[in-house]
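The structure under discussion appears below in the form of structure tokens.
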Ligand code: 5GP
């Protein structure tokens, strides 16, 4: 359908604050926040300030591994997060949206072997997500326009290397 859920930067600020409140009220005190790049970097940074967590990590996950090559499952791109960084930690994973939930499932499962506790926070969760996130701001099944990706890049890169 043409239905769209539009998130503005203004509303994102409210969302991040309310998600931080959910985490705090739940008594969860993460040792580190793990953002899923690129969409989860905004929430990860905002939660870092709101929850007074300075230990921020990034995992880069994409569905694409090469030019026009799409896999059934998302893949982790290098540099890979060192498992030592996670060992014994209480981890809060931050992402923009759990849609199919496959990206979050991959990252959560990556962490699960090392961490003490791993929980997930997202701005949006769709009903089909196979991961039920611990902290959700809003639920929708519409396509979401995020403020950071609603405009095209200011210039296109012709020198983009295949990854
Ligand atoms: P997944 O299907 O693995 O849960 O979602 C993977 C990624 O696809 C999300 O982190 C997000 O970057 C992108 N994505 C999924 N649904 C939407 C959407 O409704 N709007 C936008 N802009 N991106 C989405």
Got a number for residues in region 119-130 being within 12 Å of the ligand (Cβ to nearest atom) and within 20 Å of residue 20 (Cβ to Cβ)?
5
Quick one: residue 91 ticks every box in (1) closer than 15 Å to residue 15 by Cα; (2) more than 9 Å from the ligand (Cβ to nearest atom) bar one, so which box is it?
(1)
By residue number, the members of region 1-16 that are in contact with a helix residue (DSSP H, G or I) (Cβ under 9 Å, 6 or more places away or on another chain), over 18 Å from residue 91 (Cα atoms) and surrounded by 14 or more Cβ atoms within 10 Å (Cβ to Cβ) are 7, 12, 15
For residue 72, indicate whether it is more than 24 Å from residue 4 (Cβ to Cβ) and without any contact (Cβ under 8 Å) to a residue 60 or more places away in the chain.
yes
Unique residue being touching a residue at least 12 places away in the same chain (Cβ under 8 Å), under 20 Å from residue 24 (Cα atoms) and surrounded by 11 or more Cβ atoms within 10 Å (Cβ to Cβ) when the list is 100, 120
120
Across region 17-45, which residue is nearest to residue 149 (Cα to Cα) among those that are part of a helix (DSSP H, G or I), within 16 Å of the ligand (Cβ to nearest atom) and in contact with a helix residue (DSSP H, G or I) (Cβ under 8 Å, 6 or more places away or on another chain)?
42
When (1) in a helix (DSSP H, G or I); (2) farther than 19 Å from residue 56 by Cα are applied to residue 144, the one that fails is (1)
When you go through 91, 61 one by one, which is the residue that is at pLDDT below 95, within 22 Å of residue 134 (Cβ to Cβ) and in contact with a helix residue (DSSP H, G or I) (Cβ under 6 Å, 6 or more places away or on another chain)?
61
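The values are calculated or read from the model by the stated rules, or taken from the named source; none is laboratory data. Treat the numbers as computed from the prediction; the structure is a model and nothing was measured. Glycine gets a Cβ as well: all are built from the backbone with ideal geometry, and neighbour counts include every protein chain shown.
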